[in-house]
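Novice: If you scroll down you'll find the structure; I have some questions about it.
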Amino acid sequence: QVQLEESGGGLVQAGGSLSLSCAASGRGFSRYAMGWFRQAPGKEREFVAVISWSGGSTYYADSVKGRFTISRDSAKNTVYLQMNSLKPEDTAVYYCAARSTWNPVARVNEYDYWGQGTQVTVSS
């Protein structure tokens, strides 16, 4: 069982940066692939980025590639999402999720554990 808690969301102007954190508790975190997803009002939850259990492999949605960076610190049981050059269309609730096997194109319903989410709002 893994529990996830996101933090670091907030309000930022377009072009600015935010760093999200996802703290994990429970056994086995270091063996899970970790993903970030987001959900804007009235829209479906969508994939943002994922990192393998070792940190050696990452995969990004085209919409954030080159602007967002996912990383993890297994010693701290934490995964991060550094978001730069933010746009108003990045506004959403951001969720972290854990999956027991590596599949960079896994769908929302193929992740095992979810956090409660943190709001990111980008003003124009």
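Novice: If you take every residue apart from D112 with its C-beta less than 12 Å away from the C-beta of D112, what net charge results, scoring Lys and Arg +1 and Asp and Glu -1?
Specialist: Details: positive: R31, R99; negative: E110.
Net local charge, D112 excluded: +1.
Novice: Expressed in whole Å with the largest first, what are the equivalent ellipsoid semi-axes of region 1-70 derived from the C-alpha gyration tensor as the square root of 5 times each eigenvalue?
Specialist: So the equivalent ellipsoid measures 22, 15, 13 Å along its semi-axes.
Novice: Can you tell me the Rg and the Dmax, both Å, for the Cα atoms in the chain?
Specialist: Rg, Dmax (Cα atoms, Å): 13.3, 41.
Novice: Which sequence of E89, E110 reflects their accessible areas, 1.4 Å probe, from the largest down?
Specialist: Numbers: E89 125, E110 60 Å².
Correct descending sequence by accessible area is E89, E110.
Novice: Right, here's the next one. Which FRET efficiency, nearest 0.05, do T69 and N109 yield, Cβ-Cβ r, R0 25 Å?
Specialist: For R0 = 25 Å, the calculated efficiency reads 0.45.
Novice: Going Cα to Cα from K87, which lysines come in below 23 Å? Please leave out same-chain ones fewer than 8 positions away.
Specialist: Output for K87: K43, K65.
Novice: Relative contact order, percent, of the chain when contacts are C-alpha pairs under 8 Å separated by at least 6 residues? If you can, show how the numbers build up before the last one.
Specialist: On the way: 306 pairs, mean separation 44.2, N = 124.
Averaging sequence separation for qualifying contacts and normalising by length gives 36 percent for the chain.
The values are calculated or read from the model by the stated rules, or taken from the named source; none is laboratory data. Since the structure is predicted, the reported quantities are computational estimates derived from the model, not experimental observations. Positions of Cβ are backbone-derived with ideal geometry, glycine not excepted, and every protein chain shown enters the neighbour counts. These area figures cover heavy atoms from the full protein model, side chains too; ligands, DNA and RNA do not enter into them. Shrake-Rupley method; radii C 1.70, N 1.55, O 1.52, S 1.80 Å.
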